[in-house]
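Asker: I am attaching a structure below and will ask some questions about it afterwards.
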Amino acid sequence: MNLRKAAVAAAGVLGMAVPAAVPAQAAPASPSACQVVAFGHTLPIACGSNTLAADWNGDHRTDEVFAATLPNHYIYRLSATSNGPVRVSNGRADSMLKWEIRPSGQRRVYAVTATQHVYYSYYGSSGWSEWYLYHA
């Protein structure tokens with residue numbers, strides 16, 4: 001799984017965020033701030049949630065970063081081609097789960113809700129799709 005975690009302490013609460021091991025273009029800001037900095041943009045994230053640093057072309061460099069935000073539970077993505085955070089969800093996510101490239105070549109990202117339901121979105125000809133309940 002391409003999940004990246006690192007402990008952060010914010011206001012005495014221990015949480016999770018993107019680690020320093022992520023390439024420079026997707027490196028986190030101060031861990032105590034519960035935010036991620038990627039491609040020159042800062043995004044406040046849900047303390048304790050996971051973020052994704054997707055490498056879609058396999059060159060060992062992050063192409064897009066996905067993160068859940070609070071209090072609205074939206075998922076935002078950051079990329080080198082975006083002019084800042086782009087909302088790609090409808091407000092259910094607590095944390096990101098994983099990213100993958102399907103055997104068909106389809107790109108997918110998965111998120112988890114507070115009730116432990118997993119949803120996914122895929123990248124298609126019109127951009128990122130709506131979110132669908134994942135049935136394993």
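The values are calculated or read from the model by the stated rules, or taken from the named source; none is laboratory data. Here the structure is a predicted model, which is why all the values come from computation and not from measurement. Backbone-built Cβ (ideal geometry, glycine too); neighbour counts: all protein chains shown.
Asker: Quickly run through the stretch 118-136 and pick out the residues that are among the small types (Gly, Ala, Ser) and under 18 Å from Tyr74 (Cβ atoms). Can you show your working first?
Answerer: Of all residues in the stretch 118-136, those among the small types (Gly, Ala, Ser) come to 121, 124-127, 129, 136.
Listed by number, the residues that qualify are Ser121, Gly127, Ser129.
Asker: Consider only pairs whose beta carbons are under 7 Å apart and that are at least six residues apart or on different chains; among these, list those whose first residue lies in the stretch 114-136 and is in a loop (DSSP other than H, G, I, E, B) and whose second residue is among the β-branched types (Val, Ile, Thr) and modelled with pLDDT of 95 or more.
Answerer: Every condition considered, the pairs that remain are Tyr134/Val118.
Asker: Based on what the data block shows, is Asp59 among the acidic types (Asp, Glu) and in contact (Cβ under 8 Å) with a residue 24 or more places away in the chain? Outline the logic, then answer.
Answerer: Numbers: among the acidic types (Asp, Glu): yes; in contact (Cβ under 8 Å) with a residue 24 or more places away in the chain: no.
No; evaluated as a whole, the condition is false for this residue.
Asker: Output the number of residues of the stretch 87-113 satisfying the condition of being closer than 19 Å to Val37 by Cα and assigned to a loop (DSSP other than H, G, I, E, B).
Answerer: Qualifying residue count for the region: 1.
Asker: Restricting attention to the stretch 67-86, report how many residues are more than 10 Å from Ala38 (Cα to Cα) and either at pLDDT 95 or above or in a strand (DSSP E or B) (or both). Quick ask: steps written out before the conclusion?
Answerer: In the first step, residues of the stretch 67-86 are kept if they are more than 10 Å from Ala38 (Cα to Cα); the result is 67-76, 81-83, 86.
Keeping just the survivors that are either at pLDDT 95 or above or in a strand (DSSP E or B) (or both) gives 67-68, 75-76, 86.
Qualifying residue count, the stretch 67-86: 5.
Asker: For the stretch 94-113, what are the residues that are hydrophobic (A, V, I, L, M, F, W, C) and free of Cβ contacts under 8 Å to residues at least 40 places away in the same chain?
Answerer: As a first pass, look at the stretch 94-113 and keep what is hydrophobic (A, V, I, L, M, F, W, C): 96-97, 99, 101, 109, 111-112.
Result: Val112, single match.
Asker: Kindly provide the set of residues from the stretch 43-66 that are of a type in the set (Val, Ile, Thr) and modelled with pLDDT of 90 or more, ordered by number. Full working, then the answer.
Answerer: Of all residues in the stretch 43-66, those of a type in the set (Val, Ile, Thr) come to 45, 51, 62, 65.
Within the stretch 43-66, Thr51, Thr62, Val65 meet the criteria.
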